[in-house]
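See below for the structure under consideration.
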Amino acid sequence: MGNKADLYDVPVGGIQFHKACGGSTHPDGESCVTLARVGDGVWAMGDSKRPQAEPLRFTTDELRAAGIEPERFGLSA
């Protein structure tokens, strides 16, 4: 992927997201995020409380820099 905008060219329809929860709670329930591999080194991350919201896209390096390990979601990088 050449730049960040290119990450949003990768379609996310029909992919399976995996959920990881923990760390903090909210009055509406536990805080959870969803993650799916959508391409080679490209990931889509969503909010389990807002499944209709467009998932954000990240590279593997960006996820790791933020302390997010795909393995925690049962996914391999």
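Below, the figures for the structure above:
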| read-out | value |
| --- | --- |
| Residues of the range 1-10 satisfying the condition of being part of a loop (DSSP other than H, G, I, E, B) and at pLDDT 85 or above | Y8, D9 |
| Candidate set from the range 37-53 (those that are closer than 13 Å to L7 by Cα and not aromatic (F, W, Y)); member that is surrounded by the most Cβ atoms within 10 Å (Cβ to Cβ) | A44 |
| Of all residues making up the range 14-55, the number that are at pLDDT 85 or above, closer than 19 Å to L75 by Cα and outside any strand (DSSP E or B) | 7 |
| Flag if S76 is assigned to a strand (DSSP E or B), among the small types (G, A, S), more than 16 Å from D9 (Cβ to Cβ) and modelled with pLDDT under 90 | no |
| Which numbered condition I68 misses (of (1) part of a loop (DSSP other than H, G, I, E, B); (2) modelled with pLDDT of 85 or more; (3) surrounded by fewer than 17 Cβ atoms within 10 Å (Cβ to Cβ); (4) not polar (S, T, N, Q)) | (3) |
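The values are calculated or read from the model by the stated rules, or taken from the named source; none is laboratory data. Nothing here was measured: the structure is a model prediction, and the numbers come from that model. Ideal geometry is used to build each Cβ from the backbone, glycine not excepted, and the neighbour counts take in all protein chains shown.
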